[in-house]
């Protein structure tokens, strides 16, 4: 076994090794388990039931290689049966919950009825209230993509004909700060006379 298989799930590893042992049994390999093989298989199965990930990490390549073929076959058989039992239990619980929800749809309390119907609608088999996202994909050929790209490049590189030239107005420059009254009186006197919002138009004419 390669080092890359060290993190593989124990049930998968045991099944693969058990298949090899069963194939060798057709050529005379004895795979009948003894008491020690049964103890090893039971220990591994218990550890896997408590924590599958931890048990899978503990059964490394060197440890798996030391296991006898009968213990591997028995371990694989137990784990497969355990997996079927878990699946059957999950299915039974699913049916139980669904039946209970159906019963609650007849509850006198309208809030309970609505909630039961909502949960029933969210069951994957029903999918009435499940959120769905639709993605629309538009397929384009290479020629179409090239043509679209060429058009965009033409828009960026071709000058627009209807752009008017800027109009230049002759006249003296205007001090915007002075016109808006943002300069102090001293600055206005130093820079020359300028009208502000505080100046009286009459006073400006007398000056």
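The values are calculated or read from the model by the stated rules, or taken from the named source; none is laboratory data. Since the structure is predicted, the reported quantities are computational estimates derived from the model, not experimental observations. Cβ placement follows ideal geometry from the backbone for every residue including glycine, while neighbour counts extend to all protein chains displayed.
Before moving on, here are some points about what is shown:
- Residue within the stretch 100-119 that is part of a loop (DSSP other than H, G, I, E, B), touching a helix residue (DSSP H, G or I) at 6+ places or on another chain (Cβ under 6 Å), farther than 30 Å from residue 18 by Cβ and at pLDDT 80 or above present: yes
- Of all the residues in the stretch 26-38, those that are under 9 Å from residue 71 (Cβ atoms) and assigned to a helix (DSSP H, G or I) number 3.
- Among the conditions (1) surrounded by 14 or more Cβ atoms within 10 Å (Cβ to Cβ); (2) closer than 26 Å to residue 21 by Cβ; (3) at pLDDT 85 or above, residue 66 misses just one, which is (1).
- Here residue 57 meets each of (1) at pLDDT 85 or above; (2) buried (at least 16 other Cβ atoms within 10 Å of the Cβ) with one exception, condition (2).
- Only residues that are over 20 Å from residue 85 (Cα atoms) and assigned to a helix (DSSP H, G or I) were counted across the stretch 39-69, and they come to 12.
- So residue 71, is it within 15 Å of residue 8 (Cα to Cα), in the same structural domain as residue 9 (by TED's automatic domain parsing) and out of contact with any strand residue (DSSP E or B) (no Cβ under 9 Å at 6 or more places or on another chain): no
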